[in-house]
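To keep things clear, I will list the structure first and then write my remarks on it.
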Amino acid sequence: MEIIIKDVIGPRCIIKEDGQKIYKKIHEPLTKAETVTLDFDGVAQFASPFFNFAIGQLLKDVEEKDLRRLLRIENLNETGKLVVERVIENAARYHGDVDYRKIVDDILEQQAKESE
């Protein structure tokens, strides 16, 4: 399966809602061990929230080694590749380490209370 990101999202991949659109398209194929290619040709801007929702949450259901084997990312510049790598590393740690997940969840809960 190949997804041309610009055709689905446009030239800016920034918000979590757009990341969720990609997640919904690729989650099932990846859980069935199918190869998925995300082609970022023509995408001019991107941000971590997009990648967190598009890729990071996949690690709830797909092991990191399988994700790295099955998910191919094309035409993304070096900065984008670094963001994706950090998202995968952080999500793998979050989903794979119960103690770390509790710490992160507690911090986020505290921040939400403080912003009320």
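Brief remarks on what is shown
- Dipole in debye (nearest 20) - the range 1-108, about Cα centre, beta carbon charges: Lys, Arg +1; Asp, Glu -1: 100 debye
- For the chain, the percent of C-alpha pairs falling in each 5 Å distance bin, counted from 0 to the bin holding the largest distance, reads 2, 12, 20, 24, 19, 11, 7, 4, 1.
- DSSP-defined beta bridges in the chain - what % are antiparallel, rounded to 5: 0 percent
- Structure note, pairs Lys81/Lys113; Lys21/Lys81; Lys6/Lys65; Lys32/Lys102; Lys24/Lys65: Cα-Cα distances above 25 angstrom occur for Lys81/Lys113; Lys6/Lys65; Lys32/Lys102.
- Protein heavy-atom accessible surface, 1.4 Å probe, per residue over the chain: 62 Å².
- Per-residue extension of 0.36 nm, minus the Cα-Cα distance of Gln20 and Thr35, leaves a gain of 3.5 nm for this segment.
- Met1 paired with Gln45, simple spin-label distance in nm, labels 7 Å along Cα-to-beta-carbon: 2.8 nm
- Rolling a 1.4 Å probe over the protein heavy atoms of the chain, with every protein chain left in place, gives an accessible area that is 47 percent carbon and sulfur.
- Largest-first ordering by accessible area, 1.4 Å probe, given options Arg93, Arg68, Arg86: Arg86, Arg93, Arg68
- Other residues with beta-carbon under 14 Å from the beta-carbon of Val8 carry, at +1 per Lys or Arg and -1 per Asp or Glu, a net charge of -1.
- Short-range pairs are left out: with C-alpha atoms under 8 Å and at least six residues apart, the relative contact order of the chain is 27 percent.
- Total formal charge among the other residues, if their Cβ is under 12 angstrom from that of Lys32, Lys/Arg +1 and Asp/Glu -1: -4
- Computed [θ] at 222 nm, helices only, for the chain once each DSSP H run of length n ≥ 4 contributes -39500 (n - 2.57): -18500 deg cm²/dmol
The values are calculated or read from the model by the stated rules, or taken from the named source; none is laboratory data. Not measured: the values here are computed from a predicted model. Every residue, glycine as well, gets a Cβ built from its backbone with ideal geometry; the counts of neighbours run over all protein chains shown. Protein only, heavy atoms only, side chains kept; ligands, DNA and RNA dropped before computing areas. Shrake-Rupley method; radii C 1.70, N 1.55, O 1.52, S 1.80 Å.
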